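First the structure, in the form of structure tokens, and then the observations on it.
The values are calculated or read from the model by the stated rules, or taken from the named source; none is laboratory data. Model, not experiment: these values are computed from the prediction. Cβ placement follows ideal geometry from the backbone for every residue including glycine, while neighbour counts extend to all protein chains displayed.
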Amino acid sequence: MIDPGPIDTGLIDIVLLAFLVAITFAIIRLRDLFGAVMLTGIFSLISAGLFMVLDAVDVAFTEAAVGAGISTILMLRTLALTETRSNPRYNRLELMPLLVVVLTGAALVYGTFDMPRFGDPEAPIHQYMAPRFIEQSGEEIGVPNIVTSVLASYRGYDTFGETTVIFTAAIGVFLLLGGPRRGLRAGDALRNDIILRIGAKALIPFIMVFALYVQFHGDYGPGGGFQAGVIFAAAIVLYTLVFGFAKAQKIFRRRPLELAVAGGVLLYGSVGLTSMALGANFLDYSPLAHDSVHGQHRGILLVELGVGVTVAAVMVALFFLFVRRRQV
Amino acid sequence: MNNVLDLISWMCLLSGSFFALVSSLAVLRLPDFYNRVHGAGITDTVGAGLILLGLAFQAGFSLISFKLALVLVFMVLTGPTASHALAKAAYRLGLEPVVSHQKEDPTSAA
Amino acid sequence: MFSAAMAAILVSMAMLLVRAVQGPTVFDRVLSVNSFGTKTVLLIAVLGFLSGRPAFLDLALVYALMNFISTIAVLKFSRFGRLGQGHSKLEGQPMAES
């Protein structure tokens, strides 16, 4: 028996936002970069909490997976390769940049006065596309999670663009950081820790299954390709952390990873091309099955799978790239 | 029956919140890192357990309770592991625990 | 009733934040972040019940996972012995052989 209905979340909003402000000041003031990175981890957690209060569960999900997990790990790895105290030369107070920032900020804030009030039902965004999506999604697409139906079907082209952006970013990082490097130096305080190994062995299969659940359950609850890909990558990251990079590389070899990075985007595009070959528009899923709604389901399934594969492969590949770089 | 369930749920939630508060207070106020690890461990097990149990009583026997149980199993599995890893790393890397300092006994032979 | 739990969790989060900013050694910060993550999981679970949307539990599960993995990553990636100058008590401590 669950208490139904909306509650006044105003107080929670204020508290969480106050946390954010406090953390931001702390991040700026801390000269210890390592501590600052940890605090950005907390920042992501609170942001996700705020998204949840705003009822945006899918976004909170992605923020949790990416911001609190992968981002923090990659930043920590970068710190381990570079400096850990911010250079005092950059910490002097500079008047000109401060002036520019204050003026730009003031202009932006002034611009927001013209925006419709938060949650205003008369706002343009609630007048044109949103009602149509909300009303028609049930008949036309038939998946309970409207976020997925908008993301993967109505605005499937935009999502295709996003996936391609991830792919391109990965290529950029490969070009910058890739290439042969010598292996890691051995030894850190937690090597061969038996408790960690047993715990990881118990957890990793569960995390992978959970990633699959998130991938395919995205039609019904929060989830989808992006989140699932990140969670799957997190499982592989955990394996690498606990059992060592050498073992992880043997399982997730470079070539299959690269193929997977491209393969997901290719899958997505192929669905679109298949639609065209069957006579409809690019990424119009209706002709993919015997009737339109099932076509939509199939299309969304394949497309989300493509996204999930690419995101997982990119995250793992980036992580491996960072880890492989030799300690300076 | 509903009232009894509600009452149990209430009590679990309240005591869980109490333990969560105590745990954070410990992390804030205890003098040494290793003491604070002890304090933080309270949340992962008792605090989370009671709160999630209280929520599970509210939800009845359903998929939601199953998910709550999953979250609990997760936290009980990963929380102490993380505390262990943290304490071990700190110790191996040289952080010494604070041992009590005996005050000078003025009556002992100087 | 949920509000009381929510308030308690928020207060404990604030206390952990203070420790995260203050914590003299870097391990204190890691500990606070880890504990903060656990509290966030509880916050999400209670918030889900407060607003009548228990589908948030998937989110709580993901957080619990990510929190754990991040903590382990922090411990594995930080060369405390080498990087410990000036911001922890580990200045000049030799890194233990494993």
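Which of (1) surrounded by fewer than 19 Cβ atoms within 10 Å (Cβ to Cβ); (2) free of Cβ contacts under 8 Å to residues at least 40 places away in the same chain; (3) farther than 23 Å from C:Ser32 by Cα is the odd one out, the single condition B:Leu68 does not satisfy?
Looking at each condition in turn, B:Leu68 falls short on (1).
Based on what the data block shows, is A:Phe167 surrounded by 12 or more Cβ atoms within 10 Å (Cβ to Cβ) and within 18 Å of the chain's Cα centre (by Cα)? Show your work before the answer.
Details: surrounded by 12 or more Cβ atoms within 10 Å (Cβ to Cβ): yes; within 18 Å of the chain's Cα centre (by Cα): yes.
Here the answer is yes, as A:Phe167 does meet what is asked.
Quick one: in region C:24-42, of everything that is under 13 Å from the mean Cα position of the chain (by Cα) and more than 8 Å from chain B (Cβ to nearest Cβ), which residue is farthest from B:Gly41 (Cα to Cα)?
Checking each candidate, the answer is C:Val26.
Based on this model, can you work out whether B:Ile42 counts as β-branched (Val, Ile, Thr) and closer than 25 Å to C:Arg53 by Cβ? Step through it out loud before you land on a result.
Details: β-branched (Val, Ile, Thr): yes; closer than 25 Å to C:Arg53 by Cβ: no.
Taking the combined requirement at face value, the residue does not satisfy it.
Would you pick out the residues in region C:47-62 that are in contact (Cβ under 8 Å) with a residue 24 or more places away in the chain and either at the interface with chain B (Cβ under 7 Å from one of its Cβ atoms) or within 16 Å of B:Phe74 (Cβ to Cβ) (or both)? Walk me through how you get there before you give the answer.
Of the residues in region C:47-62, the ones in contact (Cβ under 8 Å) with a residue 24 or more places away in the chain are C:47, C:49-50.
The one that is in contact (Cβ under 8 Å) with a residue 24 or more places away in the chain and either at the interface with chain B (Cβ under 7 Å from one of its Cβ atoms) or within 16 Å of B:Phe74 (Cβ to Cβ) (or both): C:Phe49.
Given the criteria in contact with a Cys (Cβ under 7 Å, 6 or more places away or on another chain) and over 24 Å from C:Thr25 (Cβ atoms), does B:Leu72 qualify? Can you show your working first?
Working: in contact with a Cys (Cβ under 7 Å, 6 or more places away or on another chain): no; over 24 Å from C:Thr25 (Cβ atoms): yes.
No, not satisfied.
Quick one: which residue in C:Ser51, C:Ser78, C:Ser98, C:Ser88 is closer than 16 Å to A:Arg77 by Cα and either hydrophobic (A, V, I, L, M, F, W, C) or at pLDDT below 85 (or both)? It would help to see each step written out before you state the result.
Values: C:Ser51 fails: closer than 16 Å to A:Arg77 by Cα; C:Ser98 fails: closer than 16 Å to A:Arg77 by Cα; C:Ser88 fails: closer than 16 Å to A:Arg77 by Cα.
One residue alone meets the criteria, C:Ser78.
Check whether at least one residue in region A:32-43 is crowded, with 21+ Cβ neighbours inside 10 Å, part of a helix (DSSP H, G or I), touching a Gly at 6+ places or on another chain (Cβ under 9 Å) and modelled with pLDDT of 80 or more, and report yes or no.
Yes, some residue in region A:32-43 is crowded, with 21+ Cβ neighbours inside 10 Å, part of a helix (DSSP H, G or I), touching a Gly at 6+ places or on another chain (Cβ under 9 Å) and modelled with pLDDT of 80 or more.
Quick check on my filter: what residues within region B:18-37 are among the aromatic types (Phe, Trp, Tyr) and more than 9 Å from chain C (Cβ to nearest Cβ)? Don't jump to the end; show me each part of the working.
Start the filter on region B:18-37 by keeping residues that are among the aromatic types (Phe, Trp, Tyr), which leaves B:18-19, B:33-34.
Across region B:18-37, the qualifying residues are B:Phe19, B:Tyr34.
Quick test of your reading of the structure: A:Gly299 fulfils all but one of (1) closer than 28 Å to C:Phe68 by Cα; (2) in contact (Cβ under 8 Å) with a residue 12 or more places away in the chain. Name the failing condition by number.
(1)
Do the conditions hold for B:Ser15, that is, is it hydroxyl-bearing (Ser, Thr, Tyr) and at the interface with another protein chain (Cβ under 8 Å from one of its Cβ atoms)? Spell out how you get there, then give the answer.
Numbers: hydroxyl-bearing (Ser, Thr, Tyr): yes; at the interface with another protein chain (Cβ under 8 Å from one of its Cβ atoms): no.
So B:Ser15 fails the test.
Which condition from (1) touching an Asp or Glu at 6+ places or on another chain (Cβ under 6 Å); (2) more than 30 Å from A:Val209 (Cβ to Cβ); (3) of a type outside the set (Gly, Ala, Ser); (4) assigned to a helix (DSSP H, G or I) is the one that B:Met75 breaks?
(2)
Are any of the residues in region B:37-48 more than 11 Å from the chain's Cα centre (by Cα) and either touching a residue at least 12 places away in the same chain (Cβ under 8 Å) or within 30 Å of B:Val99 (Cα to Cα) (or both)? Give the derivation first.
Residues of region B:37-48 more than 11 Å from the chain's Cα centre (by Cα): none.
Looking through region B:37-48, none of the residues is more than 11 Å from the chain's Cα centre (by Cα) and either touching a residue at least 12 places away in the same chain (Cβ under 8 Å) or within 30 Å of B:Val99 (Cα to Cα) (or both).
Kindly indicate whether A:Leu288 is touching a helix residue (DSSP H, G or I) at 6+ places or on another chain (Cβ under 6 Å) and more than 21 Å from A:Ile166 (Cβ to Cβ). Walk me through it before giving the result.
Values: touching a helix residue (DSSP H, G or I) at 6+ places or on another chain (Cβ under 6 Å): yes; more than 21 Å from A:Ile166 (Cβ to Cβ): yes.
Judged against the criteria, A:Leu288 is a match.
Surrounded by fewer than 18 Cβ atoms within 10 Å (Cβ to Cβ), free of Cβ contacts under 8 Å to residues at least 60 places away in the same chain and in a helix (DSSP H, G or I): which single residue out of A:Gly279, A:Gly263 fits that description?
On the way: A:Gly279 fails: in a helix (DSSP H, G or I).
Answer to the check: A:Gly263.
Of everything in region A:190-234, what is of a type in the set (Ser, Thr, Tyr) and in contact (Cβ under 8 Å) with a residue 60 or more places away in the chain? Give them in sequence order. So that I can check it myself, show each step before the final result.
First pass over region A:190-234, keeping only residues of a type in the set (Ser, Thr, Tyr): A:213, A:220.
The answer is A:Tyr220, and nothing else.
Any residue in region B:23-36 that is among the aromatic types (Phe, Trp, Tyr) and farther than 21 Å from C:Lys76 by Cα? Before the answer, list the steps.
As a first pass, look at region B:23-36 and keep what is among the aromatic types (Phe, Trp, Tyr): B:33-34.
When the remaining residues are screened for being farther than 21 Å from C:Lys76 by Cα, the result is none.
Within region B:23-36, none of the residues are among the aromatic types (Phe, Trp, Tyr) and farther than 21 Å from C:Lys76 by Cα.
Hey, A:Pro144 hits all of (1) under 30 Å from A:Gly272 (Cα atoms); (2) within 14 Å of chain C (Cβ to nearest Cβ); (3) surrounded by 15 or more Cβ atoms within 10 Å (Cβ to Cβ) but one; which does it fall short on?
Exception for A:Pro144: condition (3).
Identify, from the list B:Gly60, B:Gly49, the residue that is more than 10 Å from chain C (Cβ to nearest Cβ) and at positive phi.
Working: B:Gly49 fails: at positive phi.
Sole residue among the options that is more than 10 Å from chain C (Cβ to nearest Cβ) and at positive phi: B:Gly60.
Determine which single condition B:Ala40 fails, assuming it passes every other condition in (1) surrounded by fewer than 22 Cβ atoms within 10 Å (Cβ to Cβ); (2) within 28 Å of C:Ala4 (Cβ to Cβ); (3) facing chain C (nearest Cβ under 7 Å).
Only one criterion in (1) surrounded by fewer than 22 Cβ atoms within 10 Å (Cβ to Cβ); (2) within 28 Å of C:Ala4 (Cβ to Cβ); (3) facing chain C (nearest Cβ under 7 Å) is unmet by B:Ala40, namely (1).
Being more than 16 Å from C:Phe36 (Cβ to Cβ), assigned to a helix (DSSP H, G or I) and of a type outside the set (D, E, K, R) is the filter here; which residues of region B:23-53 pass it? Break it down into steps so the answer makes sense when it comes.
The initial filter retains those residues of region B:23-53 that are more than 16 Å from C:Phe36 (Cβ to Cβ), namely B:29-35, B:38, B:45-46, B:49-50, B:52-53.
After this cut, where a residue has to be assigned to a helix (DSSP H, G or I) as well, the list is B:29, B:33-35, B:38, B:45-46, B:49-50, B:52-53.
Correct list: B:Phe33, B:Tyr34, B:Asn35, B:His38, B:Thr45, B:Val46, B:Gly49, B:Leu50, B:Leu52, B:Leu53.
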